[in-house]
Amino acid sequence: MNHDRYDNTYIADILKTTRTIALLGASPNPDRPSNRVMGFLLSKGYTVFPVNPGQAGKQIHGRTVYRTLADVPQPVDMVDVFRAAEYLNGVVDEALALETRPKVIWGQLGVRDDKAAARAEAAGISVVMDRCPAIEYPRLVA
């Protein structure tokens with residue numbers, strides 16, 4: 001897939017069918033984008049599992065934080081990545097190692113690695129990069 005531009009229907013379908021999200025790089029700091037986006041996603045009815053090894057066992061927005069993607073207690077539909085683009089390949093590795101793989105890997109603004117995306121897509125996982133669901137949701141779903 002060409003990740004320079006996405007069809008609105010592609011993004012909207014992902015946002016409408018996703019129910020559970022693992023948010024990698026979740027921060028307890030309310031000034032951080034990951035914290036604000038997590039709050040937004042929760043407000044829209046998504047079940048969000050924050051993932052951050054430095055915050056594991058603590059709470060963000062009333063949700064327990066997990067150390068790794070593999071520690072999340074149930075399968076997720078989407079992995080929302082708030083980590084630098086250089087880590088996206090490792091995130092794909094983690095997702096591919098799960099017993100039940102996510103349907104989508106979503107790289108936040110500035111998070112793009114076309115080779116990692118191609119690996120995920122070859123395994124049947126949809127990919128969105130350099131976009132934010134908190135921007136796309138009001139534009140395409142609400």
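Read-outs throughout are calculated quantities, based only on the coordinates presented, and are distinct from any laboratory measurement. Computed from a predicted structure; not experimentally measured. Virtual Cβ from ideal backbone geometry, glycine too; neighbours counted across all protein chains shown.
Here is how the numbers come out for the structure above:
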quantity	calculated
Average Cα contact separation per residue, the chain, under 8 Å, 6 or more apart, as relative contact order %	23 percent
Selection from ALA123, PRO138, VAL91 lying farthest towards where the dipole of the chain points positive, charges on Cβ	PRO138
Length released on extending from ASP114 to THR47, taking residue separation times 0.36 nm less the Cα-Cα span	21.3 nm
Computed label-point distance, nm, for sites ASP71 and THR20 using a 7 Å Cα→Cβ extension	1.7 nm
Cα→Cβ-extended label distance, 7 Å offset, between ASN29 and GLU121, nm	3.4 nm
Bridge type composition, the stretch 8-137 - antiparallel percent by DSSP, nearest 5	10 percent
Linear extension gain, ALA12 paired with ARG63, 0.36 nm per residue minus alpha-carbon span	15.8 nm
Cα gyration tensor, the stretch 57-115 - rounded (a/c under 1.5), prolate or oblate	oblate
Simple Cβ-charge dipole of the stretch 36-127, Lys/Arg +1 and Asp/Glu -1, about Cα centre, in debye nearest 20	320 debye
Extension reserve of the ARG139-ASP4 stretch, reckoned as 0.36 nm per residue once the Cα distance is removed	46.8 nm
Which of TYR10, TYR46 has the fewest Cβ neighbours within 10 Å, and the rest in rising order	TYR10, TYR46
All-pairs alpha carbon distance profile, the chain, 10 Å steps from 0, percent	12, 48, 35, 5
Label point distance in nm, LEU98-ALA56, each placed 7 Å from Cα along Cα→Cβ	1.7 nm
Value at 222 nm in deg cm²/dmol, rounded to 500, when DSSP H runs of n ≥ 4 in the chain each add -39,500 (n - 2.57)	-10000 deg cm²/dmol
